[in-house]
Amino acid sequence: MCEGNRWRERNEDMRQDTEEVGTFDLQRKTVMLNSGYEMPIIGLGTWTLSNEEAEVSVYAALQAGMRLIDTARYYRCEKGVGAGIRKAIEEGIVKREGVFVTSKIMPSDYDNAAGGIEDSLKDLGLDYIDLMLIHQPGFNDEAVYKAMEDAVEEGKVRSIGISNYYTPEALEEVLSYARITPSVIQNENHLYYQNQELKDYAQKYGIVIESWYPFGGRGHTAEHFGNEVIMKIAEEHGKTPAQVILRWHLQGGYVAIPGSKDPDHIRENSDIFDFKLSAEEMKAIYDLDRQERYENW
Ligand SMILES: NC(=O)c1ccc[n+]([C@@H]2O[C@H](COP(=O)([O-])OP(=O)(O)OC[C@H]3O[C@@H](n4cnc5c(N)ncnc54)[C@H](OP(=O)(O)O)[C@@H]3O)[C@@H](O)[C@H]2O)c1
């Protein structure tokens with residue numbers, strides 16, 4: 001058996017031993033990954049934020065009880081993210097081990113992914129990154145993935161995953177060379193693009209799906225918040241459309257990372273654990289799916 005297969009088998013053994021892998025715990029607000037680490041299920045996205053905005057938003061998110069921060073080398077705000085985390089740690093709001101930080105290797109670093117990981121660690125000002133993702137398929141994916149696996153062995157990264165891989169075939173290709181099974185697939189997922197097929201398929205490997213564009217992204221949020229089904233459910237629960245949409249992601253088994261530079265919105269997005277969508281409400285939202293993606297990367 002080649003080394004790659006041994007790693008994969010060991011990884012899968014761990015998954016089978018741990019029954020709760022992949023199951024969302026809405027009390028703890030976390031999901032157990034197949035890597036053995038617990039990941040928060042609601043967090044802050046930082047795309048389009050400047051370093052200054054990221055610092056303010058990250059601090060507001062941690063203050064509001066969010067424990068997952070999503071960033072990427074490509075967003076060029078890792079320094080601000082790190083500053084926001086440090087401020088919250090210094091003020092005793094959270095400890096480093098209580099924050100789950102995700103970053104991503106950007107395509108222009110695919111010929112030197114190890115260097116990209118070092119740059120992220122440096123800009124974030126952290127000793128380790130909780131979850132590192134390959135940002136999207138491109139050239140050299142296998143070597144990029146291997147660099148992330150090496151970083152796990154070196155203690156620089158705890159869990160690894162992939163982003164913008166949309167089909168079971170694309171996942172299987174990664175698994176064909178993976179020594180460590182991906183823990184997370186971060187993809188565009190929202191009311192109108194739910195991709196249940198991949199979610200169901202990934203489940204058998206204990207892989208968790210994380211939604212980017214949980215509100216459809218800038219330019220589409222009004223359509224999502226103004227959807228009649230969502231507005232009606234929101235009114236019945238006395239919550240906002242944003243809160244209903246996020247609650248749907250979590251109950252449906254998608255980790256959600258709404259982006260925001262508004263502390264009021266961030267607090268609103270954290271406040272989704274005092275109500276529950278019924279099976280009928282969940283179905284009404286599943287029925288909104290029209291397999292419509294907004295982006296094609
Ligand atoms: N892996 C990838 O390729 C990829 C691609 C895109 C995004 N991402 C990640 O996913 C995250 C989420 O995506 P996104 O930020 O682009 O889109 P999004 O979360 O769907 O929407 C963000 C928009 O929603 C608004 N918003 C947030 N909370 C709100 C609330 N409670 N009420 C009203 N409006 C609200 C924000 O405005 P305010 O700032 O005014 O709150 C912003 O305009 C990104 O930040 C990034 O971390 C990953």
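The values are calculated or read from the model by the stated rules, or taken from the named source; none is laboratory data. Since this is a predicted model, take the numbers as computed values, not measurements. With ideal geometry, Cβ positions are generated from the backbone for all residues, glycine too; neighbour counts draw on all protein chains shown. What goes into the accessible areas is simple: the full protein's heavy atoms, side chains included, and nothing from ligands, DNA or RNA. Shrake-Rupley method; radii C 1.70, N 1.55, O 1.52, S 1.80 Å.
Go through 110-123, 242-255 and give me the packing order, highest mean Cβ count within 10 Å leading. Display every interim value, and only then the final one.
Details: 110-123: 18.5, 242-255: 23.2.
Order by mean packing, descending: 242-255, 110-123.
When the label point is put 7 Å from the Cα of K87 along its Cα-to-beta-carbon vector, which residues of the range 49-74 have a backbone N closer than 18 Å?
Inside the label zone: 49-71.
Compute, for the chain, the length of the dipole vector about the Cα centre, with Cβ point charges of +1 (Lys, Arg) and -1 (Asp, Glu) only. Units Debye, rounded to 20.
Once rounded to the nearest 20, the dipole reads 440 debye.
Give me Rg/Rg_expected for the range 55-133, where Rg uses Cα atoms only and Rg_expected = 2.2 N^0.38 Å with N residues. It would help to have the intermediate numbers written out before the result.
On the way: Rg = 12.2 Å, N = 79, 2.2 N^0.38 = 11.6 Å.
Computed over Cα atoms of the range 55-133, the ratio equals 1.05.
What is the packing order of peptides 85-95, 53-63, taking the mean over residues of other C-beta atoms within 10 Å and listing the highest first?
Numbers: 85-95: 14.5, 53-63: 23.0.
So the order, starting with the most tightly packed, is 53-63, 85-95.
Percentage of Cα-Cα pair distances in the chain greater than 36 Å, rounded to whole percent?
Above the 36 Å cut-off, the chain has 11 percent of its Cα pairs.
Per residue of the chain, what 222 nm ellipticity follows from adding -39500 (n - 2.57) for every DSSP H run with n ≥ 4, rounded to the nearest 500? Don't skip to the end; give the middle numbers.
On the way: 12 runs with 126 residues, N = 297.
My calculation for the chain gives -12500 deg cm²/dmol from helical runs alone.
Quick one: length gained pulling M231 to V94 fully straight, 0.36 nm per residue minus the C-alpha distance?
Length gained, M231 through V94: 45.9 nm.
Just to be sure I understand the model, the point goes 7 Å from the Cα along the line to the Cβ. What's the resulting E169 to A279 distance in nm?
3.6
Return the tail of the calculated pair distribution for the range 252-293, meaning the percent of Cα-Cα pairs more than 13 Å apart. Walk me through the intermediate numbers first.
Working: 597 of 861 pairs.
Percentage above 13 Å: 69.
Of the accessible area of the chain, with the probe set at 1.4 angstrom, what percent is carbon plus sulfur? Walk me through the numbers on the way to the answer.
Numbers: 6000 of 12870 Å².
It is 47 percent, rounded to a whole number.
Between S176 and Q203, take the C-beta separation as r, use R0 = 22 Å, and let me know the FRET efficiency to the nearest 0.05.
Values: r = 19 Å, r/R0 = 0.86.
After rounding to 0.05, the efficiency reads 0.70.
Can you give the convex hull volume per residue for the Cα atoms of the range 153-233, as a whole number of Å³?
Working: hull volume 9.5 nm³, N = 81.
Cα convex hull per residue, to the nearest whole number: 118 Å³.
Could you pull out every one of the aspartates and glutamates with an alpha carbon less than 15 Å from that of K283, ignoring same-chain neighbours closer than 8 positions?
E228
Report, in debye and to the nearest 20, how large the dipole of the range 20-134 comes out about its Cα centre when Lys and Arg carry +1 and Asp and Glu carry -1 on their Cβ.
Numbers: 12 positive and 18 negative charges, 44 e Å.
Approximately 220 debye in magnitude.
Straight-line reach from K146: which lysines have a Cα under 21 Å away, not including same-chain ones fewer than 8 places off?
K104, K122, K156
State the dimensionless ratio Rg/Rh of the range 157-297 (Rg: radius of gyration of Cα atoms; Rh: Kirkwood radius). Walk me through the numbers before you get to the answer.
Working: Rg = 15.5 Å, Rh = 15.8 Å.
Dividing the radius of gyration by the Kirkwood radius yields 0.98.
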